[in-house]
Amino acid sequence: GPPGRARLTYFGLHALQHRGQEGAGIVSNDHGHLIGHRGLGLLTQVFGDEREIGRLTGDKAIGHVRYATAGSGTTATSSRSSSGSTTARALGHNGNLTNCVSLRRKLEDEGAIFHSNSDTEVLMHLIRRSSKPTFMDKLKEALKTVHGGFAYLIMTEDAMIGALDPNGFRPLSLGKMKNGAYVLASE
């Protein structure tokens with residue numbers, strides 16, 4: 001959509017604050033440059049300084065309000081491709097992976113280093129370690145590996161991708177605003 005998506009995302013998260021009061025975060029996309037801000041507490045505490053929203057420029061954004069189910073949350077990450085270039089990605093996740101413990105143990109045995117105890121980070125490691133040629137192929141392979149009830153929203157430099165578990169345990173709604181911008185929300 002038009003610029004200012006982070007502010008719209010903030011208002012969307014405010015409407016969903018009842019879904020999570022442990023922490024919040026927003027990542028915006030300004031011409032392929034991902035800019036994020038996150039923290040613990042209510043949305044109004046995390047974004048208590050108006051300048052934080054103003055810093056999140058761009059025409060795309062994703063956000064998350066967190067409630068504790070398993071571990072601590074991950075908002076944004078970057079990965080290095082085999083060519084050596086770094087690709088930034090942001091990930092919002094609602095749900096629980098039933099095979100998280102076994103996947104995490106396997107990934108750690110293969111050398112993965114986790115920065116949180118969240119099952120959200122497992123998907124990012126699976127994507128990074130995939131030998132598939134494209135990001136979409138890597139993502140599809142990773143999504144076939146995880147089990148449970150989940151909804152994901154992933155933002156890359158040039159795409160926004162929504163994914164839902166095969167059984168649809170978690171809701172995922174797609175909408176279109178009057179100005180033509182798309183919105184996607186879980187719960």
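So here's what we get for this one:
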quantity	calculated
Extreme residue, surrounded by the fewest Cβ atoms within 10 Å (Cβ to Cβ), among residues of the stretch 1-47 that are out of contact with any Lys or Arg (no Cβ under 8 Å at 6 or more places or on another chain), basic (Lys, Arg) and modelled with pLDDT of 90 or more	ARG7
Any helices (runs of 4 or more DSSP H) falling wholly within the stretch 1-72 and containing at least 1 residues that are under 25 Å from LYS178 (Cα atoms) and touching a helix residue (DSSP H, G or I) at 6+ places or on another chain (Cβ under 9 Å)	5-15, 50-55
Members of the stretch 129-172 found to be crowded, with 17+ Cβ neighbours inside 10 Å and at pLDDT below 90, listed by number	ARG170, LEU172
Hits in the stretch 115-128 (condition: under 24 Å from ARG5 (Cβ atoms) and either of a type in the set (Asp, Glu) or modelled with pLDDT under 90 (or both))	THR120
Those residues of the stretch 173-187 which are open to solvent by 60 Å² or more (accessible area, probe 1.4 Å) and hydroxyl-bearing (Ser, Thr, Tyr), in sequence order	SER173, TYR182
Filtered residues of the stretch 84-128 (kept if more than 15 Å from the chain's Cα centre (by Cα), of a type in the set (Gly, Ala, Ser) and open to solvent by 20 Å² or more (accessible area, probe 1.4 Å))	GLY84, SER85, SER102, GLY111
Elements of type strands (runs of 3 or more DSSP E) in the stretch 111-185, at least 1 residues being free of Cβ contacts under 8 Å to residues at least 40 places away in the same chain, of a type in the set (Val, Ile, Thr) and at negative phi	160-164
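The values are calculated or read from the model by the stated rules, or taken from the named source; none is laboratory data. Just so it is clear, the structure is predicted and the values come from calculations on it, not from any experiment. So basically every Cβ, Gly included, is an ideal-geometry build from the backbone, and we count neighbours across all protein chains shown. Keep in mind that these areas ignore ligands, DNA and RNA; they rest on the heavy atoms of the full protein, side chains included. Shrake-Rupley method; radii C 1.70, N 1.55, O 1.52, S 1.80 Å.
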